[in-house]
Structure formats: C-alpha cells, structure tokens
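Worksheet for the structure shown next.
The values are calculated or read from the model by the stated rules, or taken from the named source; none is laboratory data. Everything numeric in this text was worked out from a predicted model, so none of it was measured. Every residue, glycine as well, gets a Cβ built from its backbone with ideal geometry; the counts of neighbours run over all protein chains shown. Keep in mind that these areas ignore ligands, DNA and RNA; they rest on the heavy atoms of the full protein, side chains included. Shrake-Rupley method; radii C 1.70, N 1.55, O 1.52, S 1.80 Å.
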Amino acid sequence: MAAIDAEQAAEFLEAYIRYAMHEHAAILPRGYDSARRRAEIRADIDASFDKLAEYRAALA
C-alpha cells in the first residue's frame, strides 16, 4: 500500500470539508444537541482548513 502525497491529502481534505459543510447546514437548529453537533462539525471544519493550509504550503 503506497502512502499518499500532500496533493492527494489536500484533495481529500477539500472533499471532506465540502461534505462536512453540507452536513453542518443540514442540521436543523433545534435545541442543545443539534447546537452541540453543529459546533463539533464547525470545529472539525476549522481544523481541516488549518490542515489543508499546511498541505498547500508543503506543495508550494
């Protein structure tokens, strides 16, 4: 099994971020549980953007 390079990792993260943004938008704001889940997804999206920036910097 071959390791993935920074470009493949960046492409995966872009796809994951798009998926997570759709999931975030699909959760209706109804109470504590949905707000907590939306916050968790938002934090994951932010961390993914940070990681994506690292991969993009490695490609430059």
Theoretical gain in end-to-end length, Ala53 to His22 [0.36 nm per residue, Cα-Cα removed]: 9.1 nm
Could you give the dipole magnitude of the chain about its Cα centre, charging the beta-carbon of Lys and Arg +1 and that of Asp and Glu -1, in debye to the nearest 20? 380 debye
Express the relative contact order of the chain as a whole percentage, based on alpha carbon pairs under 8 Å and six or more residues apart in sequence. 54 percent
The chain accessible area per residue, 1.4 Å probe, protein heavy atoms, integer Å², reads 76 Å²
Heavy-atom accessible surface of the chain: percent carbon and sulfur, 1.4 Å: 58 percent
Going toward the positive end of the dipole of the chain, with +1 on Lys and Arg Cβ and -1 on Asp and Glu Cβ, which of Gly31, Ala10, Ala58 do you reach last? Gly31
Given all pairs of different Cα atoms, what value in angstroms does the Kirkwood hydrodynamic radius of the chain take? 12.6 Å
Calc'd 3J(HN,Hα), region 12-23, phi into Karplus 6.51 cos²θ - 1.76 cosθ + 1.60 (θ = phi - 60°), Hz, glycine/Pro = x, comes to 4, 5, 4, 5, 5, 4, 4, 4, 5, 5, 5, 4
